[in-house]
Amino acid sequence: MGSSLNKPELIKDGKRLDGRAFDELRPLKIEAGVLKNADGSAYLEWGNNKVLAAVYGPREAMPKHMTDPTKGIVKCRYSMAPFSGIDDHGRSGPNRRSTEISKVAKEAFENVILLNDYPSGMIEIFMEILQSDGGTRAAGITAASVALANAGIHMKDMMYAVSAGRIDEHIVLDVNMIEDNYSDADMPMVIAPRNNDVLLLQMDGGLDKGQFDQAVKMVLEAGKKIHEVQKRALEDYYNMREGK
Amino acid sequence: MEIIETVKGGYVRNMLKEGKRIGGRGMMDFREIKVKAGVIEHAEGSAQADVGDTRVLAGVKLMPEDPMPDTPDQGNIITNAELLQLAYEEYEPGPPNPESVEFARVVDRGIRAASCIDLASLVLEDKKVWSVFIDLYVLNYGGNLLDAGYLAAMAALMNAKVPKYENGVADHRQRDKSLKISNIVTSTTFGKIDGSILLDMDINEERIADTRLTVVMDGNVLRAMQKGLKGSLTIQEIGKMIDTSMEKHAQLKSILENAVKEAK
């Protein structure tokens, strides 16, 4: 939440600054299988966000002491490039924010990956935010889900992520950077669409119960579209490989 | 050790199947909560919160510093957590791990989102503001650090006095007025084990938990949430947790207010 001073007019004539309706996603594009060395990968553009996700594995767990002979382990890195923001040069390497996001993302991935299929194994997930414009954790996780499927990792579902927020009295979907800086609430969610299981939930700002319910409804509705884009990315990749 | 944990975990699971918890606690009951404010006289504010066997000490210090470039009209909040080695046999030395970073950041998030500290009141002069350092020291781990952390941090802030500031220097020996607190948040952390939902998990419950969700409230407004662990939650389960969190807020708030009153 930014300072309320200098708050720009985020909503004008029922539209948002970028012309979107309250429940409208930014344009989303995903391409699967973009990196040669990785076992699976995806490149995503979501509004002005540009994200590269890659998966290595399953391979032998490293370091050795982390090995679990009964099931595979997941490692997860979310990181923002120092040049990704429109303002200052960021610091490279993990910071407290990225450490927390890596942790909650890892926990969500552990839910959908069939870890029992990979004893003593390790699956590494990398989410590199190359350009950021708000909602980068959602963009990273949505891309990494496609990269996991592209790597052929056994999963019970392909999850998606998106955030809802509040601007004044309006609940809005897929909050961008300028909205996030001045919004009254932000709530990123990760959903496994088969049963609408909630795998990641964070929130800050202020929401009453009715607003929370409305935000969840918006996320689940948008999720259908996001999931379609994810599936199409994989279909396109395999069709292309088979020369269709 | 692992065998003992497995046995204890099995015991917890069996009891939950019958809708029971160790110690006869109800599913939506907290363990005994004790909050004591003003325990460290050298700190500007302090409090120790016990939730069952979990003990968290929070210390608040104020330092005159530069404001953040994007908020020149506000003071700063810096929250840190230490999972001290003396608190639990499995805590290890070294740089902050993801658990301690998450702990500190989630406590910071609710306090910030609910505007608990009146940040505008922390401006000292042009380009000088108070930085409020909240340090969370885990002294004993017994499950549910987050709720104990919120209680300790909130009580320490409510207990804090502002040092005298003159000619660019803070005099920590002369603290005349109280830190201006404009809102009180409380947190409730729920767990899910084999489909059972329970509030305030103890160490044996937390070790086998599938999921946890922390819900931070002030009155009727949600201020922060954080899901942890790899399990899933349904939308309905989350809705019920929010309702319970609203019910618990008044009780937790009065514990805080009493603790601060007693310290005066």
Hey, can you tell me all the residues within region B:91-102 that are touching a residue at least 40 places away in the same chain (Cβ under 8 Å) and either within 11 Å of chain A (Cβ to nearest Cβ) or open to solvent by 60 Å² or more (accessible area, probe 1.4 Å) (or both)? B:102
Pairs, please: C-beta under 8 Å, at least 6 apart or cross-chain, first residue closer than 14 Å to residue B:30 by Cα and in region B:195-210, second open to solvent by less than 30 Å² (accessible area, probe 1.4 Å) and acidic (Asp, Glu)? B:198/B:205; B:200/B:147
Could you list all residues from region A:93-149 that are over 21 Å from residue A:32 (Cα atoms) and part of a strand (DSSP E or B)? A:121, A:122
Subset of region B:157-184 [open to solvent by less than 50 Å² (accessible area, probe 1.4 Å) and of a type in the set (S, T, N, Q)]: B:159, B:183
Residue count, region B:47-90 (criterion: within 14 Å of chain A (Cβ to nearest Cβ), within 30 Å of residue B:167 (Cβ to Cβ) and not in a loop (DSSP other than H, G, I, E, B)): 5
Looking at region B:150-181 only, could you name the residues that are polar (S, T, N, Q) and touching a strand residue (DSSP E or B) at 6+ places or on another chain (Cβ under 8 Å)? B:159, B:174, B:178
In region A:72-100, the residues that are within 17 Å of residue A:49 (Cβ to Cβ), at the interface with chain B (Cβ under 10 Å from one of its Cβ atoms) and not polar (S, T, N, Q): A:87, A:97
Please verify whether residue B:19 is open to solvent by 30 Å² or more (accessible area, probe 1.4 Å), over 27 Å from residue B:89 (Cα atoms), out of contact with any helix residue (DSSP H, G or I) (no Cβ under 8 Å at 6 or more places or on another chain) and among the small types (Gly, Ala, Ser), treating the condition exactly as stated. yes
Residues being open to solvent by 20 Å² or more (accessible area, probe 1.4 Å) and among the aliphatic types (A, V, I, L, M) - total across region A:103-134: 2
Considering A:184, A:208, A:168, which residue is within 14 Å of chain B (Cβ to nearest Cβ) and either open to solvent by 50 Å² or more (accessible area, probe 1.4 Å) or within 21 Å of residue A:36 (Cα to Cα) (or both)? A:208
Do any residues in region A:75-98 that are closer than 21 Å to residue A:109 by Cβ and open to solvent by 80 Å² or more (accessible area, probe 1.4 Å) have Cβ atoms under 6 Å from those of residues that are modelled with pLDDT of 90 or more and part of a strand (DSSP E or B), where the two are at least six apart or on different chains, and which pairs are they? A:77/A:126
Name the residues in region B:33-62 that are over 15 Å from residue B:137 (Cβ atoms) and open to solvent by 80 Å² or more (accessible area, probe 1.4 Å), would you? B:34, B:41, B:53
Hey, residue A:22 hits all of (1) at pLDDT 90 or above; (2) out of contact with any Phe, Trp or Tyr (no Cβ under 9 Å at 6 or more places or on another chain); (3) open to solvent by less than 30 Å² (accessible area, probe 1.4 Å); (4) assigned to a loop (DSSP other than H, G, I, E, B) but one; which does it fall short on? (3)
So residue B:105 clears everything in (1) touching a Lys or Arg at 6+ places or on another chain (Cβ under 9 Å); (2) open to solvent by 50 Å² or more (accessible area, probe 1.4 Å); (3) within 14 Å of chain A (Cβ to nearest Cβ); (4) not in a helix (DSSP H, G or I) except one condition, right? Which one? (4)
Kindly list the number of the only condition in (1) among the charged types (D, E, K, R); (2) within 13 Å of chain B (Cβ to nearest Cβ); (3) touching a helix residue (DSSP H, G or I) at 6+ places or on another chain (Cβ under 8 Å) that fails for residue A:107. (3)
The correct count of residues that are open to solvent by 10 Å² or more (accessible area, probe 1.4 Å) and either within 7 Å of chain B (Cβ to nearest Cβ) or among the hydroxyl-bearing types (Ser, Thr, Tyr) (or both) in region A:195-205 is 3
Determine if region B:145-159 includes at least one residue that is more than 13 Å from every other protein chain (Cβ to nearest Cβ) and of a type in the set (Ser, Thr, Tyr). yes
Pick from region B:209-262, criterion among the aliphatic types (A, V, I, L, M), assigned to a strand (DSSP E or B) and open to solvent by less than 20 Å² (accessible area, probe 1.4 Å), ranking: farthest from residue B:161 (Cα to Cα): B:233
All positions within region A:1-54 that are closer than 30 Å to residue B:118 by Cα and free of Cβ contacts under 8 Å to residues at least 12 places away in the same chain: A:3, A:5, A:6, A:9
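The values are calculated or read from the model by the stated rules, or taken from the named source; none is laboratory data. Values in this document were obtained by computation on a predicted structure and should not be read as measured data. Ideal geometry is used to build each Cβ from the backbone, glycine not excepted, and the neighbour counts take in all protein chains shown. Quick note on the areas: whole protein, heavy atoms, side chains included, nothing else; ligands and nucleic acids left out. Shrake-Rupley method; radii C 1.70, N 1.55, O 1.52, S 1.80 Å.
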